[in-house]
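Data block below; observations after.
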Amino acid sequence: MAIGLHESDFKNPVVRWIDQRLPVFTMMQKEYGTFPTPRNFNYFWNFGALAMVNLMIMIATGVFLAMHYAPHTAHAFDSVERIMRDVNYGWLIRYVHMNGASMFFIVVFIHIWRGMYYGSYKAPRELLWMLGVVIFLLMMATAFMGYVLPWGQMSFWGATVITNLFSAFPLVGEWIVSLLWGGFSVDNPTLNRFFSLHYLLPFLIVGVVFLHVVALHITGSNNPLGIEPKGPQDTLPFHPYYTAKDSFGLVIYFIVFAGFVFFAPNYLGHPDNYIPANPLVTPAHIVPEWYFLPFYAILRAVPNKLGGVLLMFGSVAILFVLPWLDSSPVRSMRFRPMARIAFLLWTVCFFVLMYCGAKPPEEPYVIISRIATAYYFAYFLVILPLLARLERPLPLPESIARAVLGGGPLPAGAAAKPMEKA
Amino acid sequence: MADSGEATAGGTPRRDFLNLVTTAFAAVGVGAVAWPFIASMQPSRDVLALASTEVDLGPIAEGQAVTVMWRGKPVFVRHRTAAEIAAARAVPPSQLPDPQPDQARVQRDQWLVVLGVCTHLGCVPLGQKPTDARGDYGGWFCPCHGSHYDTSGRIRKGPAPRNLVIPQYAFISDTKIRIG
Amino acid sequence: MFRTKLKAFAVLGGLLAAAPSPAGAAGEAIAIPDTRFSFDGVFGTFDHASAQRGFQVYKEVCSACHAMRQLSYRNLQELGLSEQQVAAIAAQFQVMDGPNDEGQMFERPARPSDRFRSPFPNQQAARAANNGAYPPDLSVIVKARPGGADYIYALLTGYADPPPGVTMMDGMNYNRYFPGHQIAMPAPLNPDQVQYADGTPATVEQMARDVTTFLAWAAEPELEQRRAMGVKVILFLTILAGLAYAVKRKVWADVH
């Protein structure tokens with residue numbers, strides 16, 4: 001082997017020539033071919049791959065929409081209507097992009113839920129988890145700006161309400177808001193910069209996703225039992241086992257996606273956004289898109305403006321420190337009966353907040369939102385830290401292979417030590 | 001996308017057939033998905049709807065020419081004099097780099113309608129205004145690389161390979177044409 | 001495995017259930033009666049005859065105040081009108097064009113490629129002519145109102161005398177289905193207001209149904225193509241799901 005060339009195992013001469021100089025094929029073989037993956041994944045582990053596919057769909061449809069969209073207040077709404085009516089298959093690309101955003105959040109919520117239930121955020125995967133939270137924040141920013149672009153009533157007023165939030169910050173608040181607006185209110189400069197940033201952020205997301213996957217491949221995947229694989233009997237090569245399984249999950253995901261796009265394309269949206277933006281007329285009821293509703297409910301639950309803003313951002317920021325708030329050595333909640341109940345309650349609480357976020361700020365929704373917000377934070381700040389110390393977990397299986405392939409009851413003292421380091 | 005997993009160890013023929021069918025199905029799906037994206041880049045329906053322009057010939061006196069925009073490009077409409085028509089008819093085909101009789105290029109002798117785009121590299125030739133240079137053959141002259149066109153819009157000298165294109169047009173009355 | 005799949009669907013179902021419902025407005029939620037339209041359901045289509053009559057209602061009644069700026073006359077061909085009929089309809093309207101070579105704007109008969117002529121040049125002129133109320137553009141009105149076509153039909157047939165105890169504000173009209181029940185638009189449809197070309201009796205319900213069908217088409221002209229494509233896509237994906245599942249089971253056979 002000449003000095004400077006990578007030692008490639010590929011036989012095909014073209015593939016080999018490329019691989020010797022830029023070992024992408026070796027990398028693909030290692031990371032997605034033979035990569036040892038726990039054999040006991042359930043379908044919850046499909047959602048990371050689904051999120052990746054969804055991101056690619058959003059970028060593809062977004063790039064093609066941008067060929068026809070006009071980011072000017074006088075033309076934006078009309079340009080979207082033109083896409084729907086005159087551009088060949090424009091309606092399809094637009095509806096895929098619009099419902100793709102909702103699908104993206106559905107998939108990512110389930111993906112995050114999996115991480116929280118099975119303790120995927122615990123050592124040594126803390127940085128993997130934190131990168132994921134960064135991706136989630138970038139997604140929220142991208143989706144928020146994207147919703148402004150059609151320049152409907154909800155676009156405009158949602159943008160007004162959310163950008164106004166930043167004025168809650170003392171000293172720098174007004175300056176931040178005027179920077180976001182580029183003027184004295186949400187107007188053409190705002191729309192223009194949101195379009196530019198909405199086009200940019202997904203590529204930042206791609207970068208962070210790359211880091212997220214690299215971090216994952218350093219530590220290896222978690223699994224439903226939360227115990228580390230001990231050897232090859234506990235793992236399977238990613239291909240063909242998980243390529244086949246993920247492909248099936250992908251088709252099911254497409255069926256759900258197609259159901260929305262072709263038969264209920266506006267179900268998850270709000271009719272008011274088909275009214276062109278009017279700065280003089282506020283809709284009776286400003287509602288963000290459904291995936292922001294829980295955070296919106298938290299914002300409104302606090303009677304103080306700055307408090308509401310801090311708690312709303314805090315509800316996502318707290319995820320960053322989850323690995324340190326929950327110091328229990330047991331990963332999977334399958335073996336943590338009390339934490340499991342607390343977490344399932346937290347899940348219900350998340351939906352309660354989502355429901356309340358769509359309601360007008362009246363009783364009984366106000367008091368319910370407050371209770372739900374209190375529990376949301378108590379789960380992270382009080383319950384998990386306490387349970388880490390007080391809870392008695394169930395005995396863990398000896399190994400993945402043992403648990404998956406069966407075998408009798410464990411001999412006394414043979415339970416695997418929790419938190420196996422890989 | 002839907003990589004349906006070729007079997008690692010050489011599977012039974014049945015397994016390979018299933019893999020083949022599944023992969024083929026998935027490939028059809030991927031192809032079907034690609035088409036709307038490509039189609040969306042083709043001219044949209046409102047662009048296609050603006051595909052024709054009407055020109056009123058009444059105000060154009062003999063010897064005069066007008067330029068109209070059609071599909072984003074200039075179209076030269078020239079009201080030819082008898083001398084110009086005769087000059088166009090008198091040219092032997094051997095002298096034409098792109099042989100074409102004048103009769104084949106006009107519907108009515110005195111009205112010449114050509115696309116004002118030089119067939120070399122796309123500049124707009126001079127010759128519409130009375131003060132313009134018209135080249136050596138009384139038609140048009142392209143200043144970019146020196147192509148000369150005659151009174152039938154045919155290339156006579158210079159690097160342009162083809163005659164000025166005749167767009168599709170029709171007389172909707174004696175004094176009105178619709179282009180496109 | 002089934003338990004976890006069940007969990008996943010439960011999560012998804014929870015998300016769908018929590019989707020914002022249309023009747024989230026403060027105050028009483030007005031129930032919109034469900035009306036059967038030809039385009040309801042997965043296999044519904046736009047009744048072209050009804051939509052053509054609806055266009056006539058729009059042209060003769062609604063277009064006095066309501067614009068439909070997103071539509072062009074050529075779109076009417078999708079309702080079954082011929083190219084000549086569409087050109088004739090368009091030519092009835094004068095649209096602004098220009099500037100000409102003198103720099104002036106001028107009026108000329110519309111062509112099929114032109115957008116529908118608006119009754120007012122801008123929103124302010126529309127408000128000025130209508131006591132400060134803006135007659136909304138109807139291009140996507142069916143998508144812009146909770147309840148969609150059902151709501152539009154209910155609104156058009158929902159004018160009534162105010163019930164005892166309800167005082168109407170100046171210039172407002174009572175409508176059973178308009179939020180707040182006080183609407184600036186007077187009842188737009190009266191019996192036999194329009195002479196249908198095909199002889200259909202022009203009752204208020206008939207005109208309301210026809211114009212709602214027309215407006216539903218105008219808001220979603222791609223509806224039939226979209227649903228047809230959807231059926232094909234989901235059928236294709238279902239078969240592919242079966243195949244992919246079979247492959248998955250085959251691949252995993254030696255593991256389970």
Next item on the list: Pick out which of B:Ala104, B:Ala160, B:Ala87 has the largest mean-square fluctuation in a Gaussian network model of chain B, springs linking Cα atoms closer than 10 Å.
Entry: B:Ala104
Check: Based on the Cβ-Cβ distance from C:Asp97 to B:Arg108, what FRET efficiency comes out when R0 is 25 Å, to the nearest 0.05?
Finding: 0.35
Checklist line | Helix-only CD estimate at 222 nm, as mean residue ellipticity for the protein assembly as shown, using -39500 (n - 2.57) per DSSP H run (n ≥ 4) | finding: -14500 deg cm²/dmol
Next item on the list: May I ask for the distance between the Cα centers of segment C:81-129 and segment B:145-180, given as a whole number of Å?
Entry: 33
Next item on the list: First select every other residue whose beta carbon is under 15 angstrom from the beta carbon of C:Ala126; then total the charges, Lys and Arg +1, Asp and Glu -1.
Entry: +2
Notebook entry, point to check: For segment A:239-258 and segment A:150-206, what is the separation of their C-alpha centers, rounded to whole Å?
Noted result: 37
Checklist line | Percent of Cα pairs exceeding the 14 Å cut-off, where the set is segment A:271-355 | finding: 75
Check: Using r as the Cβ-Cβ distance of B:Leu96 and B:Thr53, and R0 as 25 Å, what FRET efficiency do you calculate, to the nearest 0.05?
Finding: 0.30
Checklist line | For segment C:231-245, Karplus couplings with θ = phi - 60° (6.51, -1.76, 1.60), whole Hz, Gly/Pro x | finding: 4, 5, 5, 5, 4, 4, 5, 5, 5, 4, 4, x, 4, 5, 5
Check: How high is the relative contact order of chain A, in percent, counting Cα pairs under 8 Å that sit 6 or more residues apart?
Finding: 21
Check: Of A:Val208, A:Val382, A:Val24, which is the most mobile in a GNM of chain A whose springs link Cα atoms less than 10 angstrom apart?
Finding: A:Val24
Next item on the list: State, as an integer percentage, the relative contact order of chain C based on alpha-carbon contacts under 8 Å between residues 6 or more apart.
Entry: 23
Notebook entry, point to check: So which aspartates and glutamates pass the test for B:Lys176, namely a Cα distance under 16 Å, with those fewer than 8 places away in the same chain ruled out?
Noted result: B:Glu54, B:Asp56, B:Glu62, B:Asp109
Margin query: Counting only other residues whose beta carbon sits under 11 Å from that of C:Phe214, what net charge do I get with K and R as +1, D and E as -1?
Written below: +1
Next item on the list: Step through the table entries B:Lys73/C:Lys232; A:Lys11/A:Lys245; B:Lys73/C:Lys59; A:Lys30/A:Lys122; A:Lys305/A:Lys359, compare each Cα-Cα distance with 30 Å, and write down the pairs that go over it.
Entry: B:Lys73/C:Lys232; B:Lys73/C:Lys59
Next item on the list: At most 16 other Cβ atoms within 10 Å plus a DSSP loop assignment makes a site exposed; report the longest stretch of chain A without any exposed chymotrypsin sites (Phe, Trp or Tyr not before Pro).
Entry: A:11-183
Next item on the list: Mind running the shape call on the protein assembly as shown? Use the C-alpha gyration tensor, a ≥ b ≥ c as the square roots of the eigenvalues: rounded below 1.5 for a/c, prolate if a/b tops b/c, oblate otherwise.
Entry: oblate
Notebook entry, point to check: Using a simple spin-label model with points 7 Å from Cα along the Cα→Cβ vector, what separation in nm is obtained for A:Leu204 and C:Arg127?
Noted result: 3.8
Margin query: For a Förster distance of 30 Å, can you work out the FRET efficiency between the beta-carbons of A:Ala141 and A:Ala388, rounded to the nearest 0.05?
Written below: 0.40
Check: Net charge near B:Val114, counting Lys/Arg +1 and Asp/Glu -1 over other residues with Cβ under 10 Å of its Cβ?
Finding: +3
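The numbers here are math on the coordinates, done by the rules we state, and not lab data. Please read all numbers here as calculations on a predicted model, not as lab measurements. Methodologically, a virtual Cβ is constructed for each residue, glycine included, from the backbone with ideal geometry; neighbour enumeration extends over all protein chains shown.
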